[in-house]
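First comes the structure, then the notes that go with it.
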Amino acid sequence: IAREAWFYDELECLQGVILPRCYGWFEAELAEGQSFEAWARATQRSSETENSNPEWRFKDSKQLTEMSHSRNYVSVLLLEKLGDTLPMRVPLSDELIYDMYGENAELGVDHRDIRYSNILAAPQGPTVLPSLPSPFTGRIYTYRIIDLEQCEKTNGEPQMLTAWQASWVDRIVENIPVGAIIEPWE
């Protein structure tokens, strides 16, 4: 969660634009011998178990690696409440999703986990903060990208990153009209 929090900080100008607003990363130290209910039910994701190096996802920072394995801390990343996933079998502007990932690319960030379930509706209603215009295009988006834990900061050109990410976005956009959810590993 430390890695994801770092990316929310790094991409602060896109919070409320294409990312949920991040209200903070909170952490509490547990007393010796105290357990945390969620850990008892936790299972590793298949992508984690397939790689023998437990630090493979935390290669950017030694501090993040060390903190990710601290079992006497519980951390919470508090984000803006979002809505549903993209509607199925409903026409969707292809440009909408491509452009959202293009905004990320402007800051040299490759999301690396582009999938249907990581695109959620922006909050709506009279009691929520409105969506903000993009600092790069001025566009206001109706969806948010989530799950930044696998993001990677690169020095790639935005156009190159956008083209790379478009191949993954294609899989989402092409399957929405037929009501199919295709995962990256399929």
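Figure legend. Inter-residue proximity from region 160-186: first residues more than 16 Å from Gln150 (Cβ to Cβ) and surrounded by 14 or more Cβ atoms within 10 Å (Cβ to Cβ), second residues among the acidic types (Asp, Glu) and modelled with pLDDT under 90, beta-carbon distance below 8 Å, spacing 6+ or different chains. Indicated pairs: Val173/Asp94. A count restricted to region 20-43 and to residues that are part of a loop (DSSP other than H, G, I, E, B), modelled with pLDDT of 80 or more and surrounded by 10 or more Cβ atoms within 10 Å (Cβ to Cβ) stands at 3. Hey, any hits in region 120-139 for a residue that's at pLDDT 95 or above and basic (Lys, Arg)? Yes, the conditions are met somewhere in region 120-139.
When Glu4 is tested against (1) surrounded by 11 or more Cβ atoms within 10 Å (Cβ to Cβ); (2) charged (D, E, K, R); (3) at pLDDT 90 or above; (4) not in a helix (DSSP H, G or I), just one condition goes unmet, and that condition is (4).
Of the residues making up region 93-140, just one is touching a residue at least 40 places away in the same chain (Cβ under 8 Å), among the hydrophobic types (A, V, I, L, M, F, W, C), out of contact with any strand residue (DSSP E or B) (no Cβ under 9 Å at 6 or more places or on another chain) and buried (at least 16 other Cβ atoms within 10 Å of the Cβ), namely Ala105.
The values are calculated or read from the model by the stated rules, or taken from the named source; none is laboratory data. What you are looking at is a predicted structure, and each value in this text was computed from that prediction instead of being measured. FYI the Cβ positions are ideal-geometry reconstructions off the backbone, even for glycines, and counts take in every protein chain you see.
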